[in-house]
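Student: Before we start, here is the structure in question, set down as structure tokens.
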Amino acid sequence: MARFPIDEFKELATPFYFYDLTLLDRTLAEIKRTSRDERFRVHYAIKANANPGILRRIQASGLGVDAVSGGEILAAIDAGFHGEQIVYAGVGKTDAEIRLALNNGVGCFNVESEPELDIIDEIASSLGLKANIALRINPNIDAHTHEYITTGLAENKFGINLDQLPDIIEKVLRLDHINLSGLHFHIGSQITEIEPFLMLCETINRIQDEWTERGVEFKTINVGGGLGIDYADPDRHPIPDFEGYFKAFRNHLRLRPEQELHFELGRSVVAQCGSLITRVLYVKEGTTKRFAIVDAGMTDLIRPALYNAHHRIENISSPNDVKHHYDVVGPICESSDCFGKDEMLPAIRRGDFLALRSAGAYGEIMASQYNCRTLPSSYFYEK
Ligand SMILES: *Cc1c(COP(=O)(O)O)cnc(C)c1O
């Protein structure tokens, strides 16, 4: 079990996000070590967590940013990232967001449809600028067989289907205010096996070979993100297998000379450094069940309610007590507001602190004020 400075928690209002910056720094150092290749550029997918304290650390480590909205572009710039370090993706970019991105000199637009291309060209023209773009391709890789969160299948809103690529590339090459920089892919999230990434490499090799034959070369290949983490046992794998991940691309993707390979990692960068800390309000005896009712709810951490995700739960106030079964539930008026069923946990009393682990990604950033609740605060810890 991870150690928490629990004496300091007693003065704090709960729930709050606890961030272990030492672990974040170790994670960033590992990314740096394992992605050391002059052709590799790693962007942090800011949608996983845009807490300014976290962003500044990531900025200092030298990563770029993958943004999916104008708000994320501004958050990145506030944290010290330069425009050219930002890639900007999203199926529904508004005119105002495109203008903002162009005015801030973002490095690349990841374009998801043909009509979007026309609008970027039009707006860039009106500003007297040229937009660097990558075409987001739908590689039709079914990661769903492994129950990943897929985005790479043909029938979904993301990206451009492969059969439409020739027409679109032909069009891009004719547009005056668009510079075709490369191809972009993103096959899904929480991928814990290497195989889907190998399939992606194969697909990209095939596409590149076809286009080389037609005399088109791409300056950048962007393989998106999706590397998963160990939710079941965060202390066994506090840092994801970046070594294996980058090695898969180094060994299987045939990059052209001078070509850059871009990555967009979100979850794997920040998930394990964060825990949601909550206080137990009541222990309620049902007829067959015992409930631990906590002061954090689905408004603070929505992943269990939204994706049926499970975060490891620990009683950090009395870790060594005899264990009992508990359903750990929040205070929100929704039955889905439940963090765990039949959890075996050391005896829980009112006032105990529970930690919901691996909550650094898609946690705080997805918090809402449903039920007129206040948003959770954050607490930074360094050893
Ligand atoms: C969400 C997203 C990512 C990051 O995904 P993770 O699974 O958090 O690594 C990367 N690229 C794009 C386009 C995304 O939408």
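The values are calculated or read from the model by the stated rules, or taken from the named source; none is laboratory data. Nothing here was measured: the structure is a model prediction, and the numbers come from that model. Methodologically, a virtual Cβ is constructed for each residue, glycine included, from the backbone with ideal geometry; neighbour enumeration extends over all protein chains shown. We work out accessible area using only protein heavy atoms, side chains counted, and drop any ligands, DNA or RNA first. Shrake-Rupley method; radii C 1.70, N 1.55, O 1.52, S 1.80 Å.
Student: In the set ASP230, ASP176, which member is at pLDDT 95 or above and within 16 Å of the ligand (Cβ to nearest atom)? Write out each step before concluding.
Tutor: Working: ASP176 fails: within 16 Å of the ligand (Cβ to nearest atom).
Result of the check over ASP230, ASP176: ASP230.
Student: Right, here's the next one. Among the residues of the stretch 10-26, which ones are buried (at least 19 other Cβ atoms within 10 Å of the Cβ) and either within 14 Å of PHE246 (Cβ to Cβ) or of a type in the set (A, V, I, L, M, F, W, C) (or both)? Give the steps one after another, and end with the answer.
Tutor: Step one: of the stretch 10-26, the residues buried (at least 19 other Cβ atoms within 10 Å of the Cβ) are 14-20, 23-24.
Selection gives PHE16, PHE18, LEU23, LEU24.
Student: Going by the structure shown, is THR299 open to solvent by 20 Å² or more (accessible area, probe 1.4 Å) and not assigned by TED's automatic domain parsing to the domain that holds ASP235?
Tutor: On the way: open to solvent by 20 Å² or more (accessible area, probe 1.4 Å): no; not assigned by TED's automatic domain parsing to the domain that holds ASP235: yes.
Judged against the criteria, THR299 is not a match.
Student: Here is a further query. Go through the stretch 220-237 and count every residue that is of a type outside the set (Gly, Ala, Ser) and either surrounded by fewer than 18 Cβ atoms within 10 Å (Cβ to Cβ) or not assigned by TED's automatic domain parsing to the domain that holds ARG41 (or both).
Tutor: Here is the first cut: in the stretch 220-237, the residues of a type outside the set (Gly, Ala, Ser) are 220-223, 227, 229-231, 233-237.
Okay, now just the ones that are also either surrounded by fewer than 18 Cβ atoms within 10 Å (Cβ to Cβ) or not assigned by TED's automatic domain parsing to the domain that holds ARG41 (or both), so 233, 235-237.
Number satisfying all stated conditions: 4.
Student: Kindly indicate whether ARG36 is of a type outside the set (Gly, Ala, Ser) and either buried (at least 22 other Cβ atoms within 10 Å of the Cβ) or more than 14 Å from SER268 (Cα to Cα) (or both).
Tutor: Working: of a type outside the set (Gly, Ala, Ser): yes; either buried (at least 22 other Cβ atoms within 10 Å of the Cβ) or more than 14 Å from SER268 (Cα to Cα) (or both): yes.
Criteria met by ARG36.
Student: With respect to TYR44, is the statement that it is open to solvent by less than 10 Å² (accessible area, probe 1.4 Å), within 25 Å of PRO376 (Cα to Cα) and within 14 Å of the ligand (Cβ to nearest atom) true? Steps first, please.
Tutor: Values: open to solvent by less than 10 Å² (accessible area, probe 1.4 Å): yes; within 25 Å of PRO376 (Cα to Cα): yes; within 14 Å of the ligand (Cβ to nearest atom): yes.
When the stated conditions are applied, TYR44 passes them.
Student: Out of the residues in the stretch 204-219 that are open to solvent by less than 40 Å² (accessible area, probe 1.4 Å) and more than 16 Å from the ligand (Cβ to nearest atom), which is farthest from VAL172 (Cα to Cα)? Working first, answer last.
Tutor: Start the filter on the stretch 204-219 by keeping residues that are open to solvent by less than 40 Å² (accessible area, probe 1.4 Å), which leaves 204-205, 207-208, 211, 216, 218.
Now drop any that are not more than 16 Å from the ligand (Cβ to nearest atom), which leaves 205, 207-208, 211, 216, 218.
Numbers: ASN205: 21, ILE207: 17, GLN208: 17, TRP211: 14, VAL216: 12, PHE218: 13 Å.
Applying the filter and picking the extreme gives ASN205.
Student: Output yes when any residue across the stretch 252-275 is in contact with a Gly (Cβ under 6 Å, 6 or more places away or on another chain), away from the ligand (no atom under 15 Å from the Cβ), under 13 Å from LEU354 (Cβ atoms) and open to solvent by less than 60 Å² (accessible area, probe 1.4 Å), and no when none is. Before you say what the answer is, go through the steps one by one.
Tutor: Start the filter on the stretch 252-275 by keeping residues that are in contact with a Gly (Cβ under 6 Å, 6 or more places away or on another chain), which leaves 264-266, 270-271, 273-274.
Those left that are additionally away from the ligand (no atom under 15 Å from the Cβ): none.
Checked against the condition, which is being in contact with a Gly (Cβ under 6 Å, 6 or more places away or on another chain), away from the ligand (no atom under 15 Å from the Cβ), under 13 Å from LEU354 (Cβ atoms) and open to solvent by less than 60 Å² (accessible area, probe 1.4 Å), the stretch 252-275 yields no hits at all.
Student: Right, next: GLY128: more than 27 Å from PRO240 (Cα to Cα), open to solvent by 10 Å² or more (accessible area, probe 1.4 Å), within 14 Å of the ligand (Cβ to nearest atom) and without any contact (Cβ under 8 Å) to a residue 24 or more places away in the chain, yes or no? Spell out the reasoning first.
Tutor: Details: more than 27 Å from PRO240 (Cα to Cα): yes; open to solvent by 10 Å² or more (accessible area, probe 1.4 Å): yes; within 14 Å of the ligand (Cβ to nearest atom): no; without any contact (Cβ under 8 Å) to a residue 24 or more places away in the chain: yes.
In short, no.
Student: List the residue pairs whose Cβ atoms are under 8 Å apart, where the first residue sits in the stretch 362-383 and is part of a helix (DSSP H, G or I), the second is among the basic types (Lys, Arg), and the two are 6 or more positions apart or on different chains.
Tutor: ILE365/LYS47; MET366/ARG303
Student: Another question, if that's okay. Determine whether LEU198 is of a type in the set (A, V, I, L, M, F, W, C), away from the ligand (no atom under 16 Å from the Cβ) and outside the structural domain of ALA134 (by TED's automatic domain parsing).
Tutor: On the way: of a type in the set (A, V, I, L, M, F, W, C): yes; away from the ligand (no atom under 16 Å from the Cβ): yes; outside the structural domain of ALA134 (by TED's automatic domain parsing): no.
So LEU198 does not fit the description; no.
Student: Can I ask one more? Does PHE4 count as outside any helix (DSSP H, G or I), farther than 15 Å from LEU265 by Cα, in contact with a Ser or Thr (Cβ under 6 Å, 6 or more places away or on another chain) and more than 14 Å from the ligand (Cβ to nearest atom)?
Tutor: No: the conditions fail for PHE4.
Student: Could you tell me whether ALA75 is within 14 Å of the ligand (Cβ to nearest atom) and at pLDDT 95 or above? Break it down stepwise before answering.
Tutor: On the way: within 14 Å of the ligand (Cβ to nearest atom): no; at pLDDT 95 or above: yes.
Against the criterion (within 14 Å of the ligand (Cβ to nearest atom) and at pLDDT 95 or above), ALA75 does not qualify.
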